[in-house]
1. Regarding segment 13-20, can at least one residue be identified that is surrounded by fewer than 19 Cβ atoms within 10 Å (Cβ to Cβ) and of a type in the set (A, V, I, L, M)?
2. Output the number of the condition that Tyr248 fails; it satisfies all remaining conditions of (1) among the aromatic types (Phe, Trp, Tyr); (2) under 23 Å from the mean Cα position of the chain (by Cα); (3) more than 23 Å from Val205 (Cβ to Cβ).
3. May I ask you to verify whether Ile5 is at pLDDT 95 or above and crowded, with 20+ Cβ neighbours inside 10 Å?
4. Would you call Arg353 touching a Phe, Trp or Tyr at 6+ places or on another chain (Cβ under 9 Å), open to solvent by 10 Å² or more (accessible area, probe 1.4 Å) and closer than 26 Å to His247 by Cβ?
5. Would you confirm whether any residue within segment 304-320 is open to solvent by 10 Å² or more (accessible area, probe 1.4 Å), in contact with a Leu (Cβ under 9 Å, 6 or more places away or on another chain), in a helix (DSSP H, G or I) and under 27 Å from Gly394 (Cα atoms)?
6. Please specify each residue of segment 253-272 satisfying the condition of being more than 22 Å from Ala441 (Cβ to Cβ) and among the small types (Gly, Ala, Ser).
7. Starting from segment 299-318, keep only residues that are over 16 Å from Leu364 (Cα atoms), then list their pairs with residues that are assigned to a helix (DSSP H, G or I) and open to solvent by 20 Å² or more (accessible area, probe 1.4 Å) whose Cβ atoms are within a distance under 6 Å, requiring at least 6 positions of separation or different chains.
8. Within segment 9-59, track down each residue that is assigned to a loop (DSSP other than H, G, I, E, B), among the polar types (S, T, N, Q) and within 28 Å of Lys180 (Cβ to Cβ).
Amino acid sequence: MNNKIYQERRNALAKQIHAKTGSGVAVISTAPEVARNRDSEFPYRHDSDFFYLTGFEEPGATLVMVVKASGKDYEVQSHLFCRPKDPEREIWDGIRLGPEAAPTVLGVEYAYSNQELDRKLGELLADQDAVYIRLAESAEADRRLRHWMKQVRGQARSGINPPSEFHDVEAFIHEMRLFKDAQEIDTMRRAAAISACAHIRAMQVCKPGIREYQLEAELLHEFRNSGAQSVAYNSIVAGGANSCILHYRAGSSELRSGDLCLIDAGCELDGYASDITRTFPVNGKFSGPQRALYDITLVAQEAAIAVAKPGNTFMQPHEAALKVLTQGLLDEKLLKLSELGSLENAIETGAYRRFYMHRTSHWLGMDVHDVGSYREPTEGSSKEDKPWRSLKDGMVITIEPGLYIRPADDIDEAFWNIGIRIEDDAVINSSGCELISRGVAVKADEIEALMKNA
């Protein structure tokens, strides 16, 4: 994305600050580097909020936005603090942008060495009405804020006033991030297409005797070979009984003939996540019980997709999927109608939760479980009083119903250790929703044909 996009986002945030408190200073830092072991860090990944406003991927950086009221209007200045140029460190760690080049490259008004942050914040906070920060982010962030405020209060005899209000900047940024623009959606389409190819690759390679980590390697190969920078989250590759563990990590278990394999995996491309789940038979052929539950789960997803459209609430896809899943559990005698009395009672009592214990959707964007309130942002209402959020054009959700059948004395053994989840990424638009992750087979017959022809 070009600088204009980030400038527009900063201006949109500044407009909200001006409307709230007149003037104010927003302080947003990127993520710190994290040590993996001695002399080695985990692969660095920027903070999503910081990247959303700057497009800058280096560690050690902070954005400070100063919003000044000017009558009914306002002015905004962006100050970036980043790592200074250091020829010796750059030999080891890579080239740094540096504060000298930052204004031109990033489109900010001012840039400084990050070593100047504590000194300059005392100046930038002077005579401002409010500070917009991440409230209760960490003890270190609280310590730095106290230090900055102490600097400003120390200027009281010169007629300088410190900010008197503190607001959570995340509430403003996250509401902005909830709605994706055309460029963001295009990036997410490309990420989903890469991930779909990776799922196809895994299905084609799969055979009895292969291990979970080997399929994970195939996913990673396709992600990186196609230009994605990283996984969006740790890939789930789960065979047999492991498919009933929701956040199982790809391990060393051998995939066996007659079992299912559940893969929940997606790449991150240019800062945006994809999230796809497919479940398929290790030997390429669903058994009768596997096929029965798979088809129920797919119909549940289709029911959810049908109501994923503007005007409906975030919860309506879940409710639609839940009705289909619960009826399927009753039809397959996994839930007993004689004990529950009706479909409605099975849902109302939560009897289905034994086999389906998560919601059908979550927001998707820069983070795989992306930011934004699931309740309408109605001021003055308690959480319980706020209705579920209405879906609107530009929102992106996942649609991922599932069924997970663990061994139990009251369950037919033919269903034991069947874990199924089907997940796609949906962009809400004026016509309903666009599934951007259907580049990989989803119907049982299509999956079997794909694996047979591999």
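1. Within segment 13-20, one or more residues are surrounded by fewer than 19 Cβ atoms within 10 Å (Cβ to Cβ) and of a type in the set (A, V, I, L, M).
2. Answer for Tyr248: the failing condition is (3).
3. No: the conditions fail for Ile5.
4. no
5. yes
6. Ser253, Gly271, listed by residue number.
7. Val299/Val324; Ala300/Val324; Ala303/Ala320; Ala303/Val324; Ala304/Ala320; Val307/Gln316; Val307/Ala320
8. Residues of segment 9-59 that are assigned to a loop (DSSP other than H, G, I, E, B), as a first pass: 22-23, 30-34, 38-39, 42-47, 55-59.
From what's left, among the polar types (S, T, N, Q): 23, 30.
Selection gives Thr30 alone.
The values are calculated or read from the model by the stated rules, or taken from the named source; none is laboratory data. Fair warning: this is a prediction, and the values are worked out from it, not measured in the lab. Neighbour counts are summed over all protein chains in view; Cβ atoms, including those assigned to glycine, are modelled from backbone coordinates with ideal geometry. Just the protein is used for accessible areas: all its heavy atoms, side chains included, with ligands, DNA and RNA removed. Shrake-Rupley method; radii C 1.70, N 1.55, O 1.52, S 1.80 Å.
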